[in-house]
1. Going by how many other Cβ atoms sit within 10 Å of their own, how do 69, 8 line up, fewest first?
2. Using the 10 angstrom Cβ neighbour count as an exposure proxy, how do 89, 82, 171 rank, fewest first?
3. Going by how many other beta carbons lie within 10 Å of each one, how would you line up 137, 194, 18, fewest first?
4. Can you report the principal axis dimensions of segment 31-157 using only the alpha carbons, biggest first, rounded to whole angstrom?
5. Pick from 169, 71, 160: which residue has the top mean-square fluctuation in a GNM of the chain where Cα pairs under 10 Å get a spring?
6. So what's the projected area for segment 81-121, the Cα convex hull averaged over all directions, in nm²?
7. In square nanometres and to one decimal, what's the mean projected area of the convex hull around the Cα atoms of segment 140-195?
8. For the chain, give me the percentage of DSSP beta bridges that are antiparallel, rounded to the nearest 5 percent.
């Protein structure tokens, strides 16, 4: 054993100390404004981040009173669109049927944030482009400051990288840390936790 466990948890502490607290506070303010204007929140992610989107959508709805959706929750529609139209446009088409409009927002949960040149998470990039065309705000919790989400988003929290080989587990874990901080923020939370 090479002290992986000790190193990993030391890195967790380091990330927590380095996270952009002002960025998290800005995200809270943006989500509060979204709720006040009656906008909807669409949470987009793939892989482990898609699972985080599902959990986060629940928390934003239940605890904060924000109408929130994760398109990846509907596996039938997701796979039908992938089969018939292609993976790259799956979120764009979903947002179209949902009549996403100005006043709504995307929350991208992703490790890299999307990169067309590298062919990574093109569906996220296309969704961000569609959001821009419709004057929809783009928020994010990502692990790379060079990805499309960080470059094109209105309010994006970038999880600090402390070891490149562990950027995925740290980012996906800290997506949960950040959104749980946000949904428990006194300015945003309207319903108490059960425990």
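Computed from the coordinates by the stated procedures, all read-outs in this text should not be read as laboratory data. None of the values given here were measured: they were computed from a predicted structure. Glycine also receives a Cβ, built like all others from the backbone with ideal geometry; neighbour counts cover every protein chain displayed.
1. On the way: 69 22, 8 14.
By the 10 Å Cβ count, ascending: 8, 69.
2. Working: 89 17, 82 14, 171 26.
Result, fewest neighbours first: 82, 89, 171.
3. Numbers: 137 21, 194 4, 18 12.
Starting with the residue having the fewest Cβ neighbours, the order is 194, 18, 137.
4. 37, 33, 27
5. 169
6. Working: hull surface 14.7 nm².
Mean projected area of the Cα convex hull: 3.7 nm².
7. Numbers: hull surface 19.7 nm².
Taking a quarter of the hull surface, the average projection is 4.9 nm².
8. Details: 1 of 18 bridges.
Of the beta bridges lying entirely in the chain, close to 5 percent run antiparallel.
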